[in-house]
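Enquirer: Just dropping this structure here.
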Amino acid sequence: MAGNDPILLGEQAITLQHLARYTDAEALLFKLRDAEPNNPERHYNLGLALSLWSARPDAKQVAEAELRRAIELRPNHAPAHYALGQLLLSRSA
């Protein structure tokens, strides 16, 4: 078990995603974000996951907030800008 090591938790979340265990992966991504709230990668990973496969009814809104927070923490975070743009485009279609 990964315990509280952020690197191991991140790897575990990736593995869970590959196994299509999205709810479990999402829970880990929230845990990582909460453990490191000023880490833009944590917000980006959570936002991306929520935008792609979350079953939460508020997934798109939470994903947008997470991606915006990643950009706020690191304004030149190109993947977060791209993911946010894709999310916004999908919501307008």
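The values are calculated or read from the model by the stated rules, or taken from the named source; none is laboratory data. Because the structure is a prediction, the values reported are computed rather than measured. We place every Cβ from the backbone using ideal geometry, glycine too, and count neighbours over all the protein chains shown.
Enquirer: Can you name the number of the only condition in (1) over 17 Å from HIS81 (Cα atoms); (2) modelled with pLDDT of 95 or more; (3) among the charged types (D, E, K, R) that GLU11 fails?
Expert: It fails just one condition, (2).
Enquirer: Taking ALA35 as the residue in question, decide whether it is modelled with pLDDT under 95 and touching a Pro at 6+ places or on another chain (Cβ under 9 Å).
Expert: yes
Enquirer: Right, something else. So is LEU46 modelled with pLDDT of 95 or more and touching a Leu at 6+ places or on another chain (Cβ under 6 Å) or not?
Expert: Values: modelled with pLDDT of 95 or more: yes; touching a Leu at 6+ places or on another chain (Cβ under 6 Å): yes.
It is true that LEU46 is modelled with pLDDT of 95 or more and touching a Leu at 6+ places or on another chain (Cβ under 6 Å).
Enquirer: Turning to a different aspect of this structure: Please count how many residues of the range 65-86 are surrounded by fewer than 19 Cβ atoms within 10 Å (Cβ to Cβ) and part of a helix (DSSP H, G or I).
Expert: 10
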